[in-house]
Structure formats: structure tokens, C-alpha cells
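Remarks on the structure that follows.
Nothing in this text is a laboratory measurement; each read-out follows from the coordinates by a stated rule. Because the structure is predicted, anything quoted here is derived from the model rather than measured. As a convention, Cβ positions derive from the backbone with ideal geometry for all residues, glycine included, and neighbour counts pool all protein chains shown.
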Amino acid sequence: MAGKTRRSALILTDEDKTSLEQIARSRTAPHRETQRAAILLRYHTGENLAGIGRHVGMSRLSVSKWVAKALAVGPMAALKDNYHRPKDPSIGDDAKAWVVHVACSKPKDLGYAAEVWSRQALARHIREHAVDAGFPALSHAAKATVHRILAEQPLHPEKVGYYLQRRDPNFEVIMRKVLIVYQDVALQNEKRAAGLAPSNVITVSVDEKPGVQAIANTAPDLPPVAGKHPRIARDHEYERLGTCSILAALDLQDGQITARVEDRHRSVEFIGLLSDLDAKYPPECILRIILDNHSAHISKETQEFLSLRPNRFQYVLTPKHGSWLNIVETLFGKMARTFLRHIRVQSLEELKARIIKGIAEINAAPVVHRWKSFKALEQE
């Protein structure tokens with residue numbers, strides 16, 4: 001008859017017991033974990049080590065090992081093997097650092113034609129130059145080995161992310177000026193909503209959307225058919241008929257759009273838009289225009305036009321590479337998502353007419369575009 005063990009009893013909480021029972025019955029958990037869970041559950045009920053060993057097909061010494069571990073570190077931790085390494089790694093930290101250094105270099109700088117690495121090309125370069133670099137352990141490195149080394153950082157030299165370099169040294173100062181204008185517009189709109197007298201300063205956001213393509217189908221679109229074809233079918237071939245530019249001025253007080261559709265966007269076309277604005281608003285109003293540094297906006301011809309109308313127009317220029325600060329960009333995004341989306345025409349003139357019609361539809365139900373974030377003004 002087996003003697004009673006001198007080991008302490010294994011105390012399990014209801015949560016631990018439930019977890020161990022689920023693991024012991026599991027068909028997907030690793031076999032070693034289901035076996036150890038069964039050992040701990042039987043030991044918890046008072047069964048001796050020899051009986052547990054016969055039931056799970058394990059020696060008494062092995063059962064004793066896992067029971068002792070559960071008593072030392074807890075039942076759930078005892079299910080897992082301790083991390084162990086059978087031998088010291090042959091690829092040291094200095095070799096990994098060299099791989100990272102190579103990955104952070106461009107292939108073209110090392111004599112290759114490629115601009116960025118592929119994992120296969122990087123692994124091949126590592127193997128070919130490992131001995132010369134003093135890391136012979138890497139001379140047989142597979143792509144997976146290089147992948148694991150880069151994943152520790154992590155590094156993705158095969159990918160390219162884009163950023164916008166601030167080339168305007170006064171970017172912050174100019175951005176704050178633009179945001180102050182938006183803040184002033186918000187206050188004006190609040191006063192207007194409260195029934196107070198409106199200001200004689202009207203703020204308009206102006207920009208161009210060039211290169212709108214007139215694309216014609218070479219075969220007719222096929223309409224959807226209920227139960228058979230859920231979407232419009234369109235032939236993949238198309239014909240380019242030219243491009244046009246949208247010049248738009250968005251009123252930040254009432255959301256109305258003043259726009260032109262032109263073949264080009266030179267100074268003469270921009271002056272035409274300014275003339276439309278001049279004719280639209282009362283002569284006693286000051287037109288405060290938010291716009292970027294496009295050459296047509298500050299050209300000699302434009303300056304001459306502005307000089308003939310002193311105190312009529314007031315420029316607020318966005319920083320260089322900061323046209324995203326111009327709120328009219330949200331209007332162009334709306335056009336791209338609505339009437340310009342998947343548009344097909346039979347001529348360039350049809351495209352222009354449909355753009356004008358689309359703008360008229362927006363003006364029929366105008367939306368006041370607002371700038372909502374002014375956190376940059378709170379920063380010193």
C-alpha cells in the first residue's frame with residue numbers, strides 16, 4: 001500500500017480549478033499542459049503520487065516534480081515549461097547589430113540597383129558579406145533568421161513611409177495666424193446666430209483643384225440587375241478627353257461656393273475668380289481670403305488687379321507645404337466623394353457642365369465648414 005505523501009496540500013481557488021478542468025479536457029491545448037493539469041487536479045483531491053502516475057502514464061518522480069513546481073509557483077504557472085536554451089546562441093549581439101546597420105542602409109549605396117531592401121535580397125547580402133565583416137555565424141543565415149533579427153527592433157526596411165518636411169522657417173507663426181482667423185470666424189458665426197449685427201469682414205477660403213480628368217467609356221455601363229448583378233458593370237478600357245481645373249472660393253460664414261471651371265489655372269483665371277467675388281459681395285465689405293502661395297495668387301498680374309481695388313481684398317497666406325490648413329480642401333474632398341466619384345463623360349465640356357451642376361447642388365443645401373481644433377494656439 002502506498003504511503004501518504006508528506007507534501008503540503010495544493011489549494012486551488014474556484015477560478016484555478018475551473019481553468020485546470022478546461023485545460024485537462026481540451027483537445028487543442030498542448031498535451032504536456034493537459035497532462036499536468038490532470039496531475040494537479042488529482043493531487044488536489046488527495047490522490048497519492050503513485051496513483052496519479054499510473055493514471056497519466058508518468059513516473060512517480062515526474063509527477064512529484066510537477067506537484068512541487070505547483071506548490072512553489074502556483075498551479076497555472078506550473079503548466080508552462082521554464083525558458084531554457086540548450087546552447088549559447090551562435091549569432092551574438094554584435095552580429096545582430098551589423099545586420100540592423102545593413103538594413104538601415106540603402107541597397108543603392110552598397111552597389112545594388114534597388115532603392116529599398118527585400119528580405120530575400122537583404123539575407124543574400126548578409127550571407128555573402130558576413131565572413132568579410134567578421135561574423136561567420138551569419139554566412140548561412142536564412143531569410144527567416146534575418147526576419148527574426150529585424151523583428152526584435154522592429155525594422156521594416158522594405159517599406160516606405162512618407163512625411164512632409166517643413167521648409168518654411170516661420171511655419172508655426174504663420175499657422176497660428178491662420179488659426180486665429182478661423183477662431184475669429186467662429187466667433188462671428190456665433191454672433192450671427194445670436195442675431196447680432198454681422199461684421200463687414202467676410203472670410204473666404206480659396207484654392208484650385210487641378211487635373212480633373214474627363215474620362216469617357218468605350219462601352220456603355222451595364223446597370224445593376226436585382227438578384228443577379230448587384231453593382232454597375234463597367235468596361236475596363238476608357239478614353240482620356242483632357243483635364244480641367246476647379247477654382248473654388250468657400251464662404252466660411254454661410255457655406256456658399258463661388259467657383260469657376262477652367263482649362264488652366266493661371267493668373268488670368270484666378271483674377272476671374274477674384275472678379276466674381278468682387279461682384280458677389282457688397283462693396284463696403286472686406287474680403288479676407290485664405291489661400292496658399294501658388295504663383296497665380298501672388299503674380300504681378302494679380303497684384304496689379306488688387307491694386308485697382310484697395311482695401312477690398314485681404315490675403316491670409318498659409319505656410320509653405322501647409323495647404324492642408326486651408327479649409328477649402330474639405331470641400332474638394334466632398335466633391336471627390338460625391339459628384340466626381342466614378343464620373344464618366346462624353347466630352348470635356350460635359351465634365352465642366354456637370355461640375356458646375358454639382359456645385360449648384362451643394363449650394364442648394366450649403367454646409368458651413370468649421371475648423372474645430374485650436375490646440376496649437378494654446379501652446380507657447
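Observations on the model:
- Amide hydrogen neighbours beyond the local backbone of Y315, cut-off 5 Å, H modeled: I289
- With both labels modelled 7 Å from their Cα along Cα-to-Cβ, the Q314 to A133 distance reads 6.1 nm.
- Placed amide H near A214: partners under 5 Å, 5+ positions off or other chain: L241, G242, T243, C244
- HN-Hα J in Hz across the stretch 330-342 - Karplus 6.51, -1.76, 1.60, θ = phi - 60°, x for Gly and Pro: 5, 5, 5, x, 5, 4, 5, 7, 10, 6, 8, 6, 6
- In the chain, the longest principal axis of the Cα atoms and the axis of helix 267-280 are about 70 degrees apart.
- Along each principal axis, Cα extent of the chain, largest first, Å: 113, 63, 61
- Most mobile listed residue (I126, I362, I289) in the chain, GNM with C-alpha springs under 10 Å: I126
- Each Lys and Arg Cβ is given +1 and each Asp and Glu Cβ -1; about its Cα centre, the chain then shows a dipole of about 2240 debye.
- Averaging the sequence gap over all C-alpha pairs within less than 8 Å and six or more residues apart, then dividing by the number of residues, gives the chain a relative contact order of 13 percent.
- Dipole axis of the chain (+1 Lys, Arg; -1 Asp, Glu on Cβ), positive-most option in P107, A121, H265: A121
- Residue with peak Gaussian network fluctuation, the chain [Cα springs, cutoff 10 Å], from L273, L179, L150: L150
- Percent of Cα pairs exceeding the 19 Å cut-off, where the set is the stretch 14-78: 22
- Spin-label pair T330/Q213, simplified geometry with 7 Å Cα→Cβ offset, distance in nm: 2.9
- For the pair E190 and I298, a Förster radius of 22 Å applied to the C-beta separation gives a FRET efficiency near 0.10, rounded to the nearest 0.05.
- For E172 and K372, a Förster radius of 22 Å and the Cβ-Cβ distance give a FRET efficiency of 0.65, rounded to the nearest 0.05.
- Between Q379 and S323, the FRET efficiency estimated from the beta carbon spacing at R0 = 25 angstrom works out to 0.70.
- Extension gain, M76 back to S118 (0.36 nm per residue minus Cα-Cα distance, nm): 10.9 nm
- The angle separating the long axis of helix 60-73 from the principal Cα axis of greatest extent in the chain is about 50 degrees.
- Gaussian network model of the chain, springs between alpha carbon atoms under 10 Å - residue of A249, A216, A38 with greatest fluctuation: A38
- Backbone amide hydrogens, once placed in the peptide plane, bring Q256 within less than 5 Å of D251, excluding anything fewer than 5 places away on its chain.
- Mean residue ellipticity at 222 nm, helices only, the chain: -13000 deg cm²/dmol; runs of at least 4 DSSP H residues each add -39,500 (n - 2.57), and the sum is divided by the number of residues.
- Residues C285, C244, C104, sorted so that the one with the fewest Cβ neighbours within 10 Å comes first: C104, C285, C244
- Gyration tensor verdict on the stretch 288-380 (Cα atoms; rounded if a/c is under 1.5, prolate if a/b is larger than b/c, oblate otherwise): oblate
- Per-residue Cβ neighbour rank within 10 angstrom, fewest leading, D207, D16: D16, D207
- Alpha-carbon Rg with Dmax, taken over the stretch 176-318, Å: 20.6, 65
- Look at V73, V178 and count the other Cβ atoms within 10 Å of each Cβ; fewest to most, that gives V73, V178.
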